[in-house]
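Peer 1: Take this structure, written in structure tokens, and hold onto it; I'll ask about it next.
The values are calculated or read from the model by the stated rules, or taken from the named source; none is laboratory data. Note that the coordinates shown come from a computational prediction; the quantities given were computed from them, not determined experimentally. Note that we place each Cβ from the backbone using ideal geometry, even for glycine, and neighbour counts take in every protein chain shown. Surface accessibility is based on the protein's heavy atoms, side chains included, excluding ligands, DNA and RNA. Shrake-Rupley method; radii C 1.70, N 1.55, O 1.52, S 1.80 Å.
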Amino acid sequence: MSNQKVVAITGASNGMGKAALELFAQQGWIVYGGARHVDNIPTGTNTHALYLDVTDDQSIVAFGQTILDEQHRIDVLINNAGYGENGPVEDTPMTHIRRQFDTNFFGAVALTQFFLPTMRAQHAGRVVNISSVGGDIYSPLGAYYHASKAALQQWSDTLDLEVEPFGIRSVVVQPGGTQSSWGSVARANIQKNLKPDTAYQSLVTFMTGVLDDDAPGMGASAQDLAQLFYRAATDVKPKQRYFNNFRDHLTVITARALPGIFRWSIKRSIDRAK
């Protein structure tokens, strides 16, 4: 049996998931990337592309079982698949809200449950959950995205307490602004989730500017975040939270420790945009 370590990465067809797949492969890992757009996942030495829809239980089992059948082990699971189902709380359809949680939260839960028995048998393993600073902060039209990421973080912390005695750790990565298509997807979803007679057009105008992929603060590259994923997966003494820079960490600290000031800063930004 090979001594190479095995990592499974969801959402590996673009952005930071794709960059992480390439980095782990360069470091000599056996990498399995999963995504719906499987043709966009790089393949080559040490890399395998598998179809994965994290909202489908059968797809999750097929993905996980293929890895175990071929490698007989799993060292790291990186739950990276996710997107922003942005829109007003009042307007967003329940079907879209459920899809947001299925993708950002329940998919990670199902994959982790699948791999945990193997990790326990190995008495080793790590689950790296890709959240966001949005798991601790909030902004208009992002309620369901923020809620899904907050759920992922609370779940990860609880999981970590439960599995640490088995040699397994569960950690959270919280990116801030990134150079990716995330903002354009979120903007498109805002438009999709608006009722024709929406009462929230002023907030739509404001958030369209905030979520611009070229807006200030969208600075971390996919490669920057791939390095962060790698640290979270390999640190001998893992931290509960990983941030790309101090600014991202400070944003979370402020939101948690000074909620009144954080809310005031958001309202002030909205008022200035009017």
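Peer 1: For the Cα atoms of the chain, what angle does the longest principal axis make with the long axis of helix 57-71, in degrees from 0 to 90, nearest 10?
Peer 2: That helix lies at roughly 40 degrees to the long axis.
Peer 1: In deg cm²/dmol, rounded to 500, what helix-only [θ] at 222 nm does the chain give when every DSSP H run of at least 4 residues adds -39500 (n - 2.57) and the total is split over its residues?
Peer 2: -15500 deg cm²/dmol
Peer 1: OK, next. Tell me which of A220, V133, Q201 sits at the most positive position along the dipole axis of the stretch 128-240, charges placed on C-beta atoms (Lys, Arg +1; Asp, Glu -1).
Peer 2: Of the listed residues, the answer is Q201.
Peer 1: If I compute Rg and Dmax of the Cα atoms in Å from the structure I just sent, which labelled value in (1) 17.3, 49; (2) 18.7, 63; (3) 22.5, 71 lines up?
Peer 2: Recomputing Rg and Dmax of the Cα atoms in Å here gives the entry labelled (2).
Peer 1: Pairs of alpha-carbon atoms within less than 8 angstrom and 6+ residues apart define the contacts here; what relative contact order does the stretch 85-156 have, in percent?
Peer 2: 47 percent
Peer 1: I've got another one for you. Once you keep just the Cα pairs under 8 angstrom separated by 6 or more residues, what percentage relative contact order results for the stretch 1-147?
Peer 2: Relative contact order here is 23 percent.
Peer 1: Which far-off residues, 5 or more places away or on another chain, put their amide H under 5 Å from the one on L141, with H placed in the peptide plane?
Peer 2: V89
Peer 1: Carbon-plus-sulfur fraction of the accessible area of the stretch 192-261, 1.4 Å probe, in percent?
Peer 2: 57 percent
Peer 1: Another one. For the chain, with every protein chain kept in place, what is the accessible area per residue (1.4 Å probe, Å²)?
Peer 2: Result: 48 Å² of accessible area for each residue.
Peer 1: Please state the relative contact order of the chain as a whole percent: Cα pairs under 8 Å, 6+ residues apart?
Peer 2: Across the chain, relative contact order equals 19 percent.
Peer 1: With point charges of +1 on the Cβ of Lys and Arg and -1 on the Cβ of Asp and Glu, referenced to the Cα centre of the chain, which listed residue (F166, N3, I41) lies farthest in the positive direction of the dipole?
Peer 2: Toward the positive end, the furthest listed residue is F166.
Peer 1: Can you spot the aspartates and glutamates whose alpha carbon is less than 18 Å from K149's alpha carbon? Ignore those fewer than 8 places along the same chain.
Peer 2: E85, D102, D136, D157, D160, D248
Peer 1: At a probe size of 1.4 Å, how large is the accessible area of W264, to the nearest 10 Å²?
Peer 2: Accessible area, nearest 10 Å²: 150 Å².
Peer 1: Going highest first, how would you order 67-76, 93-102 by mean Cβ packing within 10 Å?
Peer 2: In decreasing order of mean packing, 67-76, 93-102 become 67-76, 93-102.
Peer 1: Students often check this: by mean Cβ neighbours within 10 Å, which of 224-235, 183-194 ranks highest, and how do the rest follow?
Peer 2: 224-235, 183-194
Peer 1: Can you tell me how the stretch 86-141 classifies by the Cα gyration tensor, rounded, prolate or oblate, using a/c under 1.5 as the rounded cut?
Peer 2: Oblate.
Peer 1: Projecting each Cα onto the charge dipole of the chain (Lys/Arg +1, Asp/Glu -1 at the beta carbon, about the Cα centre), which of V31, M16, Q58 comes out farthest on the positive side?
Peer 2: Towards the positive end, the residue furthest out is M16.
Peer 1: Between beta-carbons, use under 14 Å as the cut-off and find the net charge around T92, counting Lys and Arg +1, Asp and Glu -1.
Peer 2: For residues surrounding T92, the net value is +1.
Peer 1: Follow-up. Compute the long axis of helix 259-273 from its Cα atoms, compare it with the longest principal axis of the Cα atoms of the chain, and write down the angle in degrees, 0 to 90, nearest 10.
Peer 2: 60 degrees
Peer 1: Residue separation times 0.36 nm, minus the C-alpha to C-alpha distance between N14 and H37: what's the value?
Peer 2: The span from N14 to H37 would gain 7.4 nm if fully extended.
Peer 1: Straight-line reach from K195: which lysines fall under 19 Å, measuring Cα to Cα and dropping same-chain residues less than 8 apart?
Peer 2: Those lysines meeting the cut-off do not exist here.
Peer 1: Where the accessible area of the stretch 1-155 is counted over protein heavy atoms with a 1.4 Å probe, how much of it, in %, is carbon and sulfur?
Peer 2: The C+S portion of the solvent-accessible surface of the stretch 1-155 is 49 percent.
Peer 1: A further question on this structure: Determine the dipole magnitude for the stretch 137-195: charges of +1 sit on the beta-carbon of Lys and Arg, -1 on that of Asp and Glu, nothing else is charged, the reference point is the Cα centre, and the result goes in debye to the nearest 20.
Peer 2: Dipole about the Cα centre, nearest 20: 540 debye.
Peer 1: Once you have the Cα-Cα distance between Q4 and Q223, take 0.36 nm times their residue separation minus that, and quote the gain in nm to one decimal.
Peer 2: 76.6 nm
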